[in-house]
Protein chains: 2
Amino acid sequence: MVAPLKVGIAGLGTVGAEVVRLIETQARVLAGRSGRGIRVVAVTARSKAKKRGVDLRGVEWAKDPLALATHPEVDCFVELMGGAGDPALAAVEAALNAGKSVVTANKALLAKHGIKLAKAAEKHGGALNFEAAVGAAIPVIKTLREGLAGTGVNRVYGILNGTCNYILTRMEQEGLSFAECLKDAQRLGYAEADPSFDVDGHDTAQKLAILASLAFGTKVAQSAVYVEGISSIAPEDLRAAADLGYRVKLLGVAVRTAKGIEQRVHPTMVPKSSSIAQVMGVTNAVTIDGEGIPPITLVGPGAGGAATASAVVADIADVARGIRANPFGRPISHLHDTTKAPMERHEGGYYIRLLARDFPGTAAAIATRLAEQKISIESIVQRHPNGGAAPATGKAAPVPVILITYATHEDAVRRALAAVQRDKVISGRPQVIRIEKN
Amino acid sequence: MVAPLKVGIAGLGTVGAEVVRLIETQARVLAGRSGRGIRVVAVTARSKAKKRGVDLRGVEWAKDPLALATHPEVDCFVELMGGAGDPALAAVEAALNAGKSVVTANKALLAKHGIKLAKAAEKHGGALNFEAAVGAAIPVIKTLREGLAGTGVNRVYGILNGTCNYILTRMEQEGLSFAECLKDAQRLGYAEADPSFDVDGHDTAQKLAILASLAFGTKVAQSAVYVEGISSIAPEDLRAAADLGYRVKLLGVAVRTAKGIEQRVHPTMVPKSSSIAQVMGVTNAVTIDGEGIPPITLVGPGAGGAATASAVVADIADVARGIRANPFGRPISHLHDTTKAPMERHEGGYYIRLLARDFPGTAAAIATRLAEQKISIESIVQRHPNGGAAPATGKAAPVPVILITYATHEDAVRRALAAVQRDKVISGRPQVIRIEKN
């Protein structure tokens, strides 16, 4: 048998400790699957004293991540510290430049420096594996990189952030506000004290940039992703969506269009019957539309120590088996630049919720403004708070009007709504949610 | 760059022709992903004259599958003929014995001769890849073999036959009988003229045996799978299931129990809220319960030329990249024998539908027989055809009685129902459907 793969782990939180535990308890299975043993030879973390429930006797404690990354005994450097900058960046780069393989769960690092790191891997022959960075144990990286090796991808989209999906699920099921659900999510540990990274869509954007690169051969770049979060979603949007046969999800969508690859994160109406609409709570899911084949949907835990560790250990096993895939599926020289998708040129259906000041006259005014922009209306619903008929005069309270459009351009929608606002026939700002068909 | 991988394809039906087309049209992407070119150098099929819509000029026509399998120019033999016996068996064996790699979509061959073939692959160093054999383009083989390399599996189950799921979906949605839906499925090309291989569960059993081997390290053996088909399912079962919060699916289930690995295929009640219950029509799905992590569900097309070809080409790309996984995830010497699960010892909840001759007295009689076997009843529903109260005497028409039990042993259920039949308080045979919790 070949010599065992010697692993160094930087970062011993929940995930790191579970990786150590799995490598030990699953040793025989891992050796069987990889054709060689896997052994943790050195580790490092902020606190050496912390109790972690795993046996680290016989494992060297490196003085810092950089020392571990370049440790002569380490074949495979496992980075579980997180963060887009140092020490993660410097350590991963040093390991790759030393010809070692790297396994990481660090989406921020990849979304920001993925190309630079992939270049170092390509140049020095090490692997750069990151299954855990997107969807934890859901094998979406492997599926895009290897499972669909010969199949073109038209679209990849998914629920990539459990916090947002938990909040939207509770809002829908219990009719609660965004703020109430966020507070609960924080209490339950599903959301951070500063929740903006999750609820404003940035976490989803980092993951989407990685998926888009693998699917379309674009250079991974978080800055190329259009981002909108979920904080403006109101319970009435979720009720209206339900009435119309939709659910609202925060989706990351990367899609091939005539104008190039569109990458966008925003609250999205999806048909209630679609696979992605069934995904509730903190669960994540990704759907891949391959050329000429029906969609493939992968559903599972998108976070959590055990699920993340499962993916990290599988990546280590691939290194042990000698697999050296191109990190983003193709040689760097094949990857092309991405520019930020201009959302004004986005084409699709729209959900629009307005507060009409005086319904009878307003409906005509709104319809006229939409018609001027050649926007066709699939359905229009007015909701009188008292369930009665429209008031005859403009003295009553504003009445919600909900419109669903056929496919149109976003700039047309924006122009039409700007005109409606100038007409002063509505109260407040229009709510707009994009519709994604399956 | 390394020399291209030279591929020989036996069988040029819809799948084979699509494989040829993908290798040609995706040449650059495949080379980028694999690190080397992939070239079809020789083919064989029953008819050389048939129009296939692909360009085979410059490709050698081998005189038969065996000649192709041992062709000195061929590095990777792709078997797309099907069938558990020759010529597929002889050709695959010959290719492996010659040290070549093999890619096949042939579930029957693997379920029957998988171990023999894996031994040949192990001995001579070739790969034996078969992603397309289960769930076509759904990457379930790769997920079990590589994606969960270090995570123990407690259960794997799925909808593995599109024909059965199509029939059950239509029966449920339109209240039609099994026979009517089967006829439609045949008309639409979803079912064969002789449908028994699909509807009696044998197709599912072959696929399940393959999944069980990868999940649990058992020697693949179709004969170890308990099999029941869907032909006895009636529309009233689907209605009752819906009322009780379930759906009926033909599942293949492989599960680790205290008594060993249980492998079984049967109509199954699954909670309507589960991921697997959402899968409708010809779509397939597999759920994997890994140790310590929430379930992962993979959903997608389980058949079709393009979907199958997509998986075959990905397997070829893995061969080109030099990946040589153990066919069943572990060395042959690590695989253990399987015995057929004795269903009498199966533990779980049961749905039981009886036709009671005289309800008031009968309910007591049935309850007594179940109590004798220590079976606890979760719910009992009687359905009077006229919606009225139970008749006071035994003169009325039989009344359906539907019972849901708490977890119990199958032999207890069988003994109780045999006693109920001896009591002559019911008409006809009881309908029994096992419940699978998520």
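None of the figures in this text is laboratory data; all of them are computed from the coordinates on show. Computed from a predicted model, the values in this text were never measured in an experiment. No Cβ is skipped: glycine too gets one built from the backbone with ideal geometry, and neighbour counts run over all protein chains shown.
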How large is the convex hull of the Cα atoms of the protein assembly as shown per residue, expressed in Å³ as a whole number? 187
Calculate one ³J(HN,Hα) per residue across the stretch B:326-338 by plugging θ = phi - 60° into the Karplus curve 6.51 cos²θ - 1.76 cosθ + 1.60, and present them in order as whole Hz with x for glycine and proline. 5, x, 9, x, 9, x, 3, 5, 8, 6, 10, 5, 10
Using a label point 7 Å beyond Cα on the Cα-Cβ vector, give me the inter-copy distances for A:Lys116 in nanometres, one decimal, shortest first. 5.8
Candidate lysines for bridging to B:Lys112, where Cα separation is under 20 Å - those fewer than 8 sequence places away on the same chain excluded: B:Lys123, B:Lys207, B:Lys219, B:Lys340
Kyte-Doolittle mean at least 0.0, axial Cα span of 15 Å or more - DSSP H helices of chain A: A:14-25, A:202-216, A:305-320, A:359-372
Under the helix-only model (-39500 (n - 2.57) for each DSSP H run of 4 or more, divided by the residues of chain B), the mean residue ellipticity at 222 nm, to 500 deg cm²/dmol, is -10000 deg cm²/dmol
Just to be sure I understand: with springs between alpha-carbon atoms less than 10 Å apart, which residue in B:Ala365, B:Ala341, B:Ala234 has the highest mean-square fluctuation in the Gaussian network model of chain B? B:Ala365
Order these peptides, A:72-79, B:30-37, by their mean beta-carbon neighbour count within 10 angstrom, highest first. A:72-79, B:30-37
Evaluate the relative contact order of chain B (contact order divided by residue number), counting alpha-carbon pairs under 8 angstrom at least 6 apart; express in whole percent. 16
Taking each residue in B:331-344, count the Cβ atoms of any other chain within 10 Å of its Cβ, then average. What number comes out? 1
How far apart, in nm, are two points set 7 Å out from the Cα along the Cα-to-Cβ line at A:Glu24 and at B:Glu60? 5.6
Please figure out what share of the DSSP beta bridges in the protein assembly as shown is antiparallel and state it in percent, rounded to the nearest 5. 70
Extension gain from A:Ala3 to A:Glu192, taking 0.36 nm per residue of separation minus the Cα-Cα distance: 63.8 nm
Pseudo-spin-label distance A:Ala407 to B:Tyr406, built 7 Å along Cα→Cβ, given in nm, is 5.5
Inter-copy label distances at B:His336 (7 Å, Cα→Cβ; nm, one decimal): 5.4
Taking a ≥ b ≥ c as the square roots of the Cα gyration tensor eigenvalues, with a/c under 1.5 meaning rounded and otherwise prolate when a/b beats b/c or oblate if not, chain B comes out prolate
Below 8 Å between Cα atoms, with a sequence gap of 6+, how large is the relative contact order for the stretch B:141-301 in percent? 32
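Which whole number gives the average count of other chain Cβ atoms within 10 Å of the Cβ atoms across peptide A:270-281?
2
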Along Cα-to-Cβ, 7 Å out, sits the label point; list in nm, shortest first, how far the one on B:Ala234 is from those in the other copies. 5.2
In the stretch A:290-309, which residues have a backbone nitrogen under 14 Å from the label point lying 7 Å from B:Glu291's Cα in the Cα-to-Cβ direction? A:306-307
Taking a point 7 angstrom from the Cα of B:Asn438 along the C-beta vector, which residues in the stretch B:262-286 have backbone N less than 18 Å away? B:267-286
Which aspartates and glutamates have a Cα lying under 15 Å from the Cα of A:Lys272, excluding residues fewer than 8 positions away in the same chain? A:Glu172, A:Asp237, A:Asp243, A:Glu436
So how do A:Met343, A:Met269, A:Met280 line up by other beta-carbon neighbours within 10 Å, fewest first? A:Met343, A:Met280, A:Met269
As a quick test, which of the pairs A:Lys107/A:Lys142; B:Lys63/B:Lys119; A:Lys142/B:Lys6 have an alpha carbon distance above 21 angstrom in this structure? B:Lys63/B:Lys119; A:Lys142/B:Lys6
Using DSSP, restrict attention to beta bridges with both residues in chain B and report what percent are antiparallel, rounded to the nearest 5. 70
